[in-house]
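In what follows, a structure is listed as structure tokens, so that the remarks can point back to it.
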Amino acid sequence: MSKLTPDQEARRARMGLLARARPSRLAALYPELPAHEVLRAPECGAVMVRGRVGASGGPFNLGEMTVTRCSLRLPDGTVGHAYVQGRDKDHALRAAAIDALSEAGQGDVAPVFEALRAEEAERRRTRAEKAAATKVEFFTMVRGEDQ
């Protein structure tokens, strides 16, 4: 597997953030889509989700997941892509538009990413707190004959 450049890593992180965002929140943060040409209209399909035995062992097919993909081009020629979980075509189109704007350095999309990062961090913190509340600690008592 080839190494990604820092720009590619940054784009990967942005695209992941857009894909994980709630569609209604993304629409509220960026309601107006810029002028664009659709290269690949939003379309639904399935991808195979793979896992690894013990996180490091051999890979296996876990199952299929529904995704929607979209690609578009801005008037300046910048192309944006999106793959989102589920069948929300508007989510895929909006994510692709924001990806293209981010790549082109156009529009004011930085506040969108800041808000999404903060909300995701809060969701993760809340989930971690809930999981910590159910943590059980096991211990073994030493018996007299074991000494």
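Every number in this text was worked out from the coordinates using simple rules, so none of it is lab data. The structure presented is a predicted model; accordingly, all values stated were derived computationally and were not measured. Positions of Cβ are backbone-derived with ideal geometry, glycine not excepted, and every protein chain shown enters the neighbour counts.
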Practice task
Arrange the peptides 56-67, 35-46, 78-89, 99-110 so that the one whose residues have, on average, the most other Cβ atoms within 10 Å appears first.
Solution key: 78-89, 99-110, 35-46, 56-67
Problem - Relative contact order for region 1-146, counting Cα pairs under 8 Å that sit 6 or more residues apart, in percent - result: 21 percent
Exercise for the section: Give me the angle, in degrees from 0 to 90, between the Cα long axis of helix 110-133 and the longest principal axis of the Cα atoms of the chain, rounded to the nearest 10. Expected result: 20 degrees
Completion exercise
Fraction of alpha-carbon pairs in region 33-94 farther than 19 Å apart, rounded to whole percent, equals 45 percent
Fill in the blank from the handout: Per the charge dipole of the chain (beta-carbon charges, Lys/Arg positive, Asp/Glu negative, Cα centre), the residue among S71, A118, V49 reaching farthest to the positive end is V49
Problem - Euclidean distance between Cα centres, region 24-90 to region 100-147, Å - result: 23 Å
Problem - Kirkwood hydrodynamic radius of the chain, Cα pairs, Å - result: 18.1 Å
Problem - Anchor K89: aspartates and glutamates whose Cα lies under 12 Å away (excluding residues fewer than 8 positions away in-chain) - result: E43
Practice task
Could you size up the charge dipole of region 26-116 around its Cα centre, putting +1 on the beta carbon of Lys and Arg and -1 on that of Asp and Glu, and report it in debye to the nearest 20?
Solution key: 480 debye
Handout entry: Ordering of 118-127, 6-15 by burial proxy (mean other Cβ atoms within 10 Å per residue, highest first)
Key = 6-15, 118-127
Problem - MRE, 222 nm, helices only [DSSP H, n ≥ 4, -39500 (n - 2.57), over the chain, to nearest 500] - result: -14000 deg cm²/dmol
